[in-house]
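Comments concern the structure below.
The values are calculated or read from the model by the stated rules, or taken from the named source; none is laboratory data. All values derive from a computational prediction rather than experimental measurement. Reconstructed Cβ throughout: ideal geometry from the backbone, glycine too, with neighbour counts over all protein chains shown.
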Amino acid sequence: MSENLVWRIAGGSGDGIDSTSQNFAKALMRSGLHVFTHRHYPSRIRGGHTYVEIRAGPDRVQSRGDGYNFLLALGDSFARNPQEEAYYGNEELKPIVENLDELREGGVIVYDEGLIDIEEVPDFEARAEENNWHVYPLDLRARAREKGREVMRNTAGVGATAALLEYDLDNIKSLMADAMSGEVLETNLEILEDTYEDVKELEFTHDLRIPTGEHDEEQVLLSASNAITFGAIDSGCRFIAGYPMTPWTEVYTLMSQYLPELGGISEQVEDEIAAAALALGASHAGVKAMSGSSGGGFALMSEPLGLAEMTETPVVLLEAMRAGPSTGMPTKPEQSDLEHVLYTSQGDSSRVVFAPSNVREAYEQTRKAFEIAYEYQLPAIILYDQKVGGELRNVDASFFDREPKPDLGTTLTEDEIAEAAHHATGKFNRYLHDPDNDRGISPRSIPGQKGGRYLAAGNEHNEQGHISEDPDNRVAQVDRRLRKLESIREELDAAEGSHQSYHGPDDADYGIITFGSQQGSVEEAVTTLNEAGHSVRSMGVSDMMPLCEEELTDFLTSVDEALVVEMTASGQFRGLMQKELGRFGSKMHSLLKYNGNPFEPQEIVEGFESAIEGNEPAPTTRFVPAAGD
C-alpha cells in the first residue's frame, strides 16, 4: 500500500476539472492529510486536455512527486474534432492517452466509457497488463444524464474514486453542501451516493487506499496567489490597478474581490502601462498600492517602473512568469523572466526583487516587499510563476495570525516637514542628498501636506525636484539611490530570519541551488539522494535583488560542487550568480528544464548524478557543466 495517494483527474477545459479537484483536495485535508496540487491546462476556455493532480499523505507534502497512482479520466466533452487524423489529434481521448506514460506500475484507472472508446487507445490492453494497471470502466456520462446534467459526471467520478479507495463520503458531502443548494445539491448528492454504492459492489483488484493522518491544528488550503493577496492586504494595500493576463490574473481577481470590502479600490484599465502608472499615482497620493502582470504585460510596465525609481515612489509590482517570449505558452510555468525583471527599464536599477517558493514565503515576502518599498521609497517586485501561483497546499491557519502594518514607512508628518530642510523658495527638499545618511533615504511628503510642496519629475533632478543636468548633482543622486540597495542588503542579512531556505546536512559535500517554485522538488530530491548515500544540501534563494551574496558565498564555499536547478533554457539564475560571484563559476553546473512542465524530484536526482557521476540526465532536462569543464 502506497504511503501517498497521487490522484489525477483529467478531462477538457470547461469540464469542471479544477473545481472538482479543489473540493476533493479540501476533503482530503479535512480528513487529516497534507495535500499538494499540480495544475496542467491549455490556453483555451473550452476544450483541450487539462488535468489536476492531488498528492496526499500523512506528512507535509512539498512537491508533486514522481508520477501518480490513480487516474480518473473523464474524456474531453468539448473536443474540437474527435478524429485521430485531426490536426490536434483525437482530443476526446487525450485525457487518457496523454496520461498513461506517468502512471505508476500497479496504478488504478477509472475512465468514462460513455465518452472514451478504449478500443481507440493504442495498445491500451497490452500496456495495462504490462504495468499491472487496475482498470475500472464506468459510464459516468450516462449516470449524470440519467439524474441531472452531463457536467455532473465529475460527481460520479468522485463517488467512484471514494468507493475504490474506501473513503467515507462525509467530508465530500459537507463541501458540496457549502458550494450548492436546492435541487442542484440534491441531484449531485444522489449521483455521488448511487455511484459510490454501485462501485463498492465491484470486485477490487488493487490495494491502493487513502492514507490516514491527523492535523494538530486547523488547516487552510491556499496557493501563493492567495498568500500574496493576504500579504498585501495585511500590509495595508488599498489600491490595485491591472489588466487581466494569465497567470497574474488570480491575484488581481482576489484583490478586486476583497478591496471594496475594506474601503479600497480596484481598477481594471486599458493596458499595463496605465495600470502601473495608476498604482504610482495612488502611492504618490499617499495610498499603499500595487499592480502587476505576466511577462508581456510587465514589459509595458518598464517605463512606469523607471519612473518609480527616478521619482522614488514606493510601489509593489507582481510578475507572474510563464513560458515565453511573446505570448509563448500562457498557461505553462517557466522562470525565464528573471533577467527581464532584474534589468528592465532604463539606467541603473534601484529596485528590490523577491522570488518566493511556496505559500508561506509568498505571504511573508509580500509583506516584506511592502515594508521595504515604503521604507526605502522604491519599487519592490514579487517574482513567481504559474506553478506556485496556482498549486494548492495546506497551511496552518495560525500562520496568518499577524498584526497588520498599514503605515506609510518613512513619510513625514506636517510637524516633521516644518522642521525639515526647505529651499529659499519654500519648496521642500524632497530629494535631499545627505552624505551622512548611510541608508540613502530622503525625506518624503504627501501631496497636500503643509510645507511639503515639491516636483516629482522623471528627469534627473535636484533636491526640490527641478530638472538638473549638473554632473555633481547627478553623481550625488545616483549614488544616494544605489546606496539604498546596500542598506537593504545589510538589513536583510541582519534580520532574525533569512528568506533563503536550506535542506540537508550542514557538512554536505555537494550542493543544489534553486530559486522560486522549484524549491520543494529540490528538497525532496535532496532527501532521496541522502537516503541513497550521497552527501547533499540544498539552498533555495528568494532574495534576487539585492542578491544574497554573503549567504551564497558561504554555501558555495562549503561544498565541492553545486548543481543549479532552474526552469530556463539559458541558465539565467546561474548567470546571475556568476555575474556577482564569478570566482565560483567552476563549481556550478546547470540542470535546465523548459518544456512547460515543472521539475519532478526524480529528474533532479538524475541531474545530480549526471553532474557527479557522469550519468545521463532525464530526457526532459538538459545538463550544462560548470565553466571550464
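For the stretch 577-596, a residue qualifies if it is within 26 Å of Val388 (Cβ to Cβ), surrounded by fewer than 20 Cβ atoms within 10 Å (Cβ to Cβ) and in contact with a helix residue (DSSP H, G or I) (Cβ under 9 Å, 6 or more places away or on another chain), and the qualifying residues are Gln578, Glu580, Leu581.
Checking the structure you have, find out if any residue of the stretch 269-277 is crowded, with 24+ Cβ neighbours inside 10 Å, within 30 Å of Asn429 (Cα to Cα) and free of Cβ contacts under 8 Å to residues at least 40 places away in the same chain. Before you say what the answer is, go through the steps one by one.
Filtering the stretch 269-277 down to residues crowded, with 24+ Cβ neighbours inside 10 Å leaves 272, 275-276.
Then drop every residue that is not within 30 Å of Asn429 (Cα to Cα), which leaves 275-276.
When the remaining residues are screened for being free of Cβ contacts under 8 Å to residues at least 40 places away in the same chain, the result is 275.
Yes: one or more hits.
The helices (runs of 4 or more DSSP H) found wholly in the stretch 231-323 and carrying at least 3 residues that are within 28 Å of Gln477 (Cα to Cα) and either at pLDDT below 95 or not basic (Lys, Arg) (or both) occupy 272-284, 295-300, 302-311.
Anything in the stretch 488-535 that is under 23 Å from the mean Cα position of the chain (by Cα), among the polar types (S, T, N, Q) and over 16 Å from Glu600 (Cβ atoms)? List them, or say none. Spell out how you get there, then give the answer.
Our first condition is that a residue be under 23 Å from the mean Cα position of the chain (by Cα); within the stretch 488-535, this holds for 492, 497-503, 512-527.
With among the polar types (S, T, N, Q) added as a condition, the list becomes 498, 500-501, 514, 517-519, 521, 527.
Result: Ser498, Gln500, Ser501.
Specify which of the listed residues (Asn154, Asn171) is in contact with a Lys or Arg (Cβ under 9 Å, 6 or more places away or on another chain) and closer than 21 Å to Asp18 by Cα. On inspection, the qualifying residue turns out to be Asn171. Against the condition assigned by TED's automatic domain parsing to the domain that holds Pro356, closer than 30 Å to Glu53 by Cα and surrounded by fewer than 21 Cβ atoms within 10 Å (Cβ to Cβ), how does Asp385 come out, does it pass? For Asp385, the condition - assigned by TED's automatic domain parsing to the domain that holds Pro356, closer than 30 Å to Glu53 by Cα and surrounded by fewer than 21 Cβ atoms within 10 Å (Cβ to Cβ) - is not met. Check the stretch 555-565 and report whether any residue there is surrounded by fewer than 22 Cβ atoms within 10 Å (Cβ to Cβ), part of a strand (DSSP E or B) and touching a residue at least 12 places away in the same chain (Cβ under 8 Å). Scanning the stretch 555-565 turns up at least one residue that is surrounded by fewer than 22 Cβ atoms within 10 Å (Cβ to Cβ), part of a strand (DSSP E or B) and touching a residue at least 12 places away in the same chain (Cβ under 8 Å). The residues on offer are Glu524, Glu469, and the sole one that is outside the structural domain of Gly390 (by TED's automatic domain parsing), exposed (fewer than 15 other Cβ atoms within 10 Å of the Cβ) and either touching a residue at least 12 places away in the same chain (Cβ under 8 Å) or assigned to a loop (DSSP other than H, G, I, E, B) (or both) is Glu469.
Please tell me if Leu576 is touching a residue at least 24 places away in the same chain (Cβ under 8 Å) and part of a helix (DSSP H, G or I). Show your work before the answer.
Details: touching a residue at least 24 places away in the same chain (Cβ under 8 Å): yes; part of a helix (DSSP H, G or I): yes.
Yes, satisfied.
Considering only residues in the stretch 319-368 that are among the small types (Gly, Ala, Ser) and under 30 Å from Glu460 (Cβ atoms), the one that is surrounded by the most Cβ atoms within 10 Å (Cβ to Cβ) turns out to be Ser350. Taken over the stretch 114-123, residues that are in contact (Cβ under 8 Å) with a residue 24 or more places away in the chain and closer than 12 Å to Leu100 by Cα amount to 2. Screening Glu203 with (1) without any contact (Cβ under 8 Å) to a residue 24 or more places away in the chain; (2) not in a loop (DSSP other than H, G, I, E, B) gives one miss only, at (2). Within the stretch 527-554, the set of residues being assigned to a strand (DSSP E or B) and within 24 Å of Tyr363 (Cβ to Cβ) comprises Ser538, Met539, Gly540, Val541, Asp543, Met544, Met545, Leu547. For the stretch 223-257, name all the residues that are surrounded by fewer than 24 Cβ atoms within 10 Å (Cβ to Cβ), among the aromatic types (Phe, Trp, Tyr) and over 22 Å from Glu375 (Cβ atoms). Of everything in the stretch 223-257, just one residue is surrounded by fewer than 24 Cβ atoms within 10 Å (Cβ to Cβ), among the aromatic types (Phe, Trp, Tyr) and over 22 Å from Glu375 (Cβ atoms), namely Tyr243.
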